[in-house]
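Notes to accompany the following structure.
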């Protein structure tokens, strides 16, 4: 299982123009040289206003560093179940635009969240809209990964049911440790979602003075996904307020030890 970086972890260290700090173009080099992480999941919000030339530059930098862009993550949940057809159409168009950018970056997947109530009507509408965008995703040789979100996809069973309803080989899940823990049973949630996962986000909240991760056990989460055969990429996604570099390095050490302990 390969440890990678969710590039949003370094958002506070990035400057929009690169003059007051790091630029997103620096992240592939930092990820592999300083953090020893071998791939990037990139939030689409960091690419706002970027041109095709800019995307090509990021891909070139990632390839040069040996730290490829793997997943392009749409930050804003998309309203596939909105009563207004124009809103649903806009959600579909957004997926298509993200797919174009992901293809340019050399990603193998895009990830989205669904903004929908947990009702049967919303379930059917969301499944229908997702089926309609899948040909565009597949045309770019990408996978579509669904993340957990409040409402329809908060419950792991509902999320897996939605994946099954859409169907096909190029749709899966993007579980994350924090949403899994919020379900009340992180281990059970991850065991349900990991078999469908194209990647997993190891959400890092920070560590206490004893070096123990806050709120949930990283070791238990790693064991949960490995126990159901997950061997794809595990992206460190730091969302806390501590120094990101130091915390990411600590998380990498804890996660790698957990992986090695399971496999050993």
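The values are calculated or read from the model by the stated rules, or taken from the named source; none is laboratory data. Computed from a predicted structure; not experimentally measured. Methodologically, a virtual Cβ is constructed for each residue, glycine included, from the backbone with ideal geometry; neighbour enumeration extends over all protein chains shown.
Here is a check on your reading of the model: is residue 58 in a helix (DSSP H, G or I), touching a residue at least 12 places away in the same chain (Cβ under 8 Å), within 17 Å of residue 11 (Cα to Cα) and touching a strand residue (DSSP E or B) at 6+ places or on another chain (Cβ under 8 Å)?
On the way: in a helix (DSSP H, G or I): yes; touching a residue at least 12 places away in the same chain (Cβ under 8 Å): yes; within 17 Å of residue 11 (Cα to Cα): yes; touching a strand residue (DSSP E or B) at 6+ places or on another chain (Cβ under 8 Å): yes.
So residue 58 passes the test.
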Q) So which residues in the stretch 68-100 are part of a helix (DSSP H, G or I), touching a strand residue (DSSP E or B) at 6+ places or on another chain (Cβ under 6 Å) and closer than 18 Å to residue 141 by Cβ, if there are any at all? A) 98, 99
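One residue is enough: does the stretch 94-115 have a residue meeting the conditions modelled with pLDDT of 95 or more and over 30 Å from residue 28 (Cβ atoms)? If you could, list the steps in order and put the result at the bottom.
We begin by selecting, within the stretch 94-115, every residue modelled with pLDDT of 95 or more; these are 94-115.
Right, trim to over 30 Å from residue 28 (Cβ atoms) and you get 115.
Yes: the stretch 94-115 contains one or more residues that are modelled with pLDDT of 95 or more and over 30 Å from residue 28 (Cβ atoms).
Answer yes if at least one residue in the stretch 151-163 is at positive phi, in contact with a strand residue (DSSP E or B) (Cβ under 9 Å, 6 or more places away or on another chain) and at pLDDT 95 or above, and no otherwise. It would help to see each step written out before you state the result.
From the stretch 151-163, those at positive phi are 151; that's our starting set.
From what is left, the residues that are in contact with a strand residue (DSSP E or B) (Cβ under 9 Å, 6 or more places away or on another chain) are 151.
Those still in the list that are at pLDDT 95 or above too: 151.
Yes: one or more hits.
Looking at this structure, is residue 224 farther than 21 Å from residue 108 by Cβ and in contact with a helix residue (DSSP H, G or I) (Cβ under 7 Å, 6 or more places away or on another chain)?
Details: farther than 21 Å from residue 108 by Cβ: yes; in contact with a helix residue (DSSP H, G or I) (Cβ under 7 Å, 6 or more places away or on another chain): yes.
When the stated conditions are applied, residue 224 passes them.
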Q: Give me a count of the residues in the stretch 227-248 that are closer than 21 Å to residue 149 by Cα, in contact with a helix residue (DSSP H, G or I) (Cβ under 7 Å, 6 or more places away or on another chain) and not in a loop (DSSP other than H, G, I, E, B).
A: 4
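Table: residues versus (1) farther than 28 Å from residue 55 by Cβ; (2) in contact with a helix residue (DSSP H, G or I) (Cβ under 6 Å, 6 or more places away or on another chain); (3) buried (at least 20 other Cβ atoms within 10 Å of the Cβ); (4) without any contact (Cβ under 8 Å) to a residue 40 or more places away in the chain.
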site	(1), (2), (3), (4)
87	no, no, no, yes
92	no, yes, no, no
95	no, yes, yes, no
99	no, yes, yes, no
106	no, yes, no, no
109	no, no, yes, no
113	no, no, yes, no
116	yes, yes, yes, yes
133	no, yes, yes, no
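Given the options 65, 44, name the one that is under 17 Å from residue 26 (Cα atoms), at pLDDT 95 or above, crowded, with 18+ Cβ neighbours inside 10 Å and in contact with a strand residue (DSSP E or B) (Cβ under 7 Å, 6 or more places away or on another chain). Don't jump to the end; show me each part of the working.
Numbers: 65 fails: in contact with a strand residue (DSSP E or B) (Cβ under 7 Å, 6 or more places away or on another chain).
It is 44.
Would you mind stating whether residue 243 is over 15 Å from residue 191 (Cβ atoms), free of Cβ contacts under 8 Å to residues at least 40 places away in the same chain and either out of contact with any strand residue (DSSP E or B) (no Cβ under 8 Å at 6 or more places or on another chain) or crowded, with 17+ Cβ neighbours inside 10 Å (or both)?
Numbers: over 15 Å from residue 191 (Cβ atoms): yes; free of Cβ contacts under 8 Å to residues at least 40 places away in the same chain: yes; either out of contact with any strand residue (DSSP E or B) (no Cβ under 8 Å at 6 or more places or on another chain) or crowded, with 17+ Cβ neighbours inside 10 Å (or both): yes.
It is true that residue 243 is over 15 Å from residue 191 (Cβ atoms), free of Cβ contacts under 8 Å to residues at least 40 places away in the same chain and either out of contact with any strand residue (DSSP E or B) (no Cβ under 8 Å at 6 or more places or on another chain) or crowded, with 17+ Cβ neighbours inside 10 Å (or both).
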Q: May I ask you to verify whether residue 154 is within 17 Å of the chain's Cα centre (by Cα) and closer than 22 Å to residue 48 by Cα?
A: no
